[in-house]
Each structure stands twice: as structure tokens, then as C-alpha cells.
Amino acid sequence: MSVQGIDQVLGELKAMSALAGGQAANQTQPVAGAPDFASMLKSSLDQVNQVQQDAQAQQLAFQSGAPEANLQDVMVSLQKASLSFQTMVQVRNKLVSAYQEVMSMQV
């Protein structure tokens, strides 16, 4: 999944939201102190990536016979990585669906 593509979709959603609210698209400004959606999304993607990397590192440690790696921890971390990835995919699907719905609206 491309971060550039996500940024483009977010930009178009912000422009459509501004037009629906009666403002010019380039006059929208974030509210001070409010979390930025794009930064929250990127943070979530980074967390999913980190969980996957940690699970892979534990798996490699177990495969290489490291004494501190046990099968239970490896399996739990792999399941956490799988679940977080599946959740991220579902969020992406919902974002794409919302984007398509907004783009099909008549103004």
C-alpha cells in the first residue's frame, strides 16, 4: 500500500469535505490541538509494520535455535502480527469504500 496514494486520497476527501461544508477547498485549516488523520493513519501503519518485524525476528531466533526463544511466544507474536495486518486491510477497505461513495455523490 502506497503512502503517497493514501495522501492523495486524504487530500481529495478533505477537499470534498470542505466543498460540502460551503468552504473553498484550499481554505481548510486543521483545528489547533486536533490530531491529524493522515499522521494517525501513518502511525497505525508504522505500528503494524513494527509488530510484523518483531514477529519475524522472534521467528528467526526460534529457527536458529536461540535459547531465549520459545514456540509459544513465537506463535503468539505471529498471530498478533497477522491480526494487526488483517485489521489494517479492513480499515483500508473501509477508507476506499468511503472514498468511492464520496466521489459518486452528486453536488
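The values are calculated or read from the model by the stated rules, or taken from the named source; none is laboratory data. The structure presented is a predicted model; accordingly, all values stated were derived computationally and were not measured. Because the Cβ atoms are built from the backbone with ideal geometry, glycine has one as well, and the counts that use them run over all protein chains shown. Side chains included, ligands, DNA and RNA excluded: accessible areas come from the protein's heavy atoms. Shrake-Rupley method; radii C 1.70, N 1.55, O 1.52, S 1.80 Å.
Odds and ends about this structure:
- Computed with every protein chain present, the accessible area of L19 is close to 110 Å² [probe 1.4 Å].
- By accessible area, using a 1.4 Å probe on protein heavy atoms only, the stretch 43-88 has 56% of its surface on carbon and sulfur.
- Highest to lowest packing among 46-53, 63-70, scored as the average C-beta count within 10 Å: 46-53, 63-70
- Theoretical FRET efficiency, 1/(1+(r/R0)^6), r = Cβ-Cβ of T87 and A20, R0 41 Å, to 0.05: 0.90
- In this simple spin-label approximation, Q72 and M40 carry label points 7 Å from Cα along the Cα→Cβ vector, and these lie 3.7 nm apart.
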